[in-house]
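Structure first, then comments.
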Amino acid sequence: PKTAAEPIRDPKTDRLITPENCALVLIDYQPEQYRTVTSATPEEINLNVIALCRFATAYDVPVIVSTVGVDMGVNAGTAAEILAELPGVKEIDRTGVNAWEDEEFRNAVKATGRKNIVIAGLWTEICLAFPVLDLQAEGYHAYPVADAVGGISPVAHDQAIERMRAAGATPITALQFGAELMRNWARPDSQKFREVLQWYFPKRFALMKAGKIR
């Protein structure tokens, strides 16, 4: 019987995402952005963003959170339920829609030392797509999380995913991120993945029953 995990490939050079070769970036999960998203419900977006946060925390993946217009007094900060999952993570505020054009944000990404950037943001077509295009041009590999984001319309969201894919980015989903970090059920830390799933599916099914997820 097979009960032992296969040997672990070099986690820094693995072609897939590992806890040692990636960082998680969350951009503009602010009330003003949620109000105009129609390609997904706020509940579905938050379910998957929180799953990302829990996977990153469980597997010690660096997390960067950015907002726009807070210091200017225009917008509120990141949704409280998301920040609650990331104790100690400081928000990086900006004035521009493209986070990569903000020096503090760029330095934070570079400081992780990771070239695989798992990234999500509102809206898909602007605050997510623009930095993804720049990350790809700068030699990073961006992984936009398709089910943790949203655009002002389904067309806007879908076309943004296609534009990022055409630039070399690799769209993924929240649970795919977690499974890629975990990789093998026989590893001692696979329980971390199970614990997130044990929260995720009851929450998802309850939201489906309530009509909060399309």
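The values are calculated or read from the model by the stated rules, or taken from the named source; none is laboratory data. Note that the structure is a prediction, hence the values are computed from the model and not measured. A quick note on method: Cβ atoms are made from the backbone with ideal geometry, for glycine too, and the neighbour counts reach across all protein chains shown. Each accessible area value is taken on the protein alone, full model and side chains, heavy atoms only, with ligands, DNA and RNA left out. Shrake-Rupley method; radii C 1.70, N 1.55, O 1.52, S 1.80 Å.
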Checklist entry - Helix 42-58 versus the longest principal axis of the chain: what is the Cα-based angle in degrees, 0 to 90, to the nearest 10? => result 50 degrees
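What accessible area per residue comes out for the chain, rounded to a whole number of Å², with a 1.4 Å probe?
Details: 10190 Å² over 214 residues.
In whole numbers, the chain has 48 Å² accessible per residue.
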Checklist outcome for this item: Along the dipole axis of the chain (charges at Cβ: +1 for Lys and Arg, -1 for Asp and Glu; origin at the Cα centre), the most positive-end residue among PRO7, LEU133, VAL109 is PRO7
Next on the checklist: Quick check for me: using +1 on Lys/Arg Cβ and -1 on Asp/Glu Cβ, what's the dipole size of the range 38-125 about its Cα centre, in debye to the nearest 20?
Outcome noted: 380 debye
Checklist entry - When the chain is fully extended, how far beyond the present Cα-Cα distance does ALA111 get from THR38, taking 0.36 nm per residue of separation? => result 22.8 nm
Item to check | Proximal charge balance of GLU44 [Cβ under 11 Å; K/R count +1, D/E count -1] | outcome: +2
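Quick check: at a probe of 1.4 Å, how many percent of the accessible area of the chain sits on carbon and sulfur atoms? Mind showing how you got there, number by number?
Values: 5610 of 10190 Å².
On the chain, the fraction of accessible area on carbon and sulfur atoms equals 55 percent.
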Checklist entry - Under the rule of -39500 (n - 2.57) per DSSP H run of 4 or more residues, summed and divided by the residues of the chain, what mean residue ellipticity at 222 nm is obtained, to the nearest 500 deg cm²/dmol? => result -12000 deg cm²/dmol
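Which entries of LYS12/LYS192; LYS110/LYS212; LYS110/LYS203; LYS2/LYS203; LYS90/LYS212; LYS115/LYS212 have Cα-Cα distances beyond 27 Å here? Don't jump to the answer; show the numbers that get you there.
Details: LYS12/LYS192 20 Å; LYS110/LYS212 37 Å; LYS110/LYS203 35 Å; LYS2/LYS203 32 Å; LYS90/LYS212 30 Å; LYS115/LYS212 35 Å.
Over 27 Å Cα-Cα: LYS110/LYS212; LYS110/LYS203; LYS2/LYS203; LYS90/LYS212; LYS115/LYS212.
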Checklist outcome for this item: From most to least accessible, 1.4 Å probe, no ligand or DNA/RNA atoms counted, ILE152, ILE126, ILE82 line up as ILE152, ILE126, ILE82
Checklist outcome for this item: Amide H proximity to ILE64 below 5 Å, modelled H, separation 5+ or other chain, gives LEU24, VAL25, LEU26
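For the chain, what is the charge dipole size about the Cα centre, in debye to the nearest 20, if Lys and Arg each add +1 at the Cβ and Asp and Glu each add -1 at the Cβ?
On the way: 23 positive and 27 negative charges, 180 e Å.
Computed about the Cα centre, the dipole is about 860 debye.
Using Stokes-Einstein with the Kirkwood hydrodynamic radius over Cα pairs, what translational diffusion coefficient do you get for the chain at 10 °C and a viscosity of 1.306 mPa s, in µm²/s rounded to a whole number? The partial results should precede the final answer.
Numbers: Rh = 17.5 Å.
Diffusion coefficient, whole number: 91 µm²/s.
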Item to check | Karplus-derived 3J(HN,Hα), 6.51/-1.76/1.60, for each residue of the range 205-212, Hz, glycine and proline x | outcome: 5, 5, 5, 5, 4, 7, x, 8
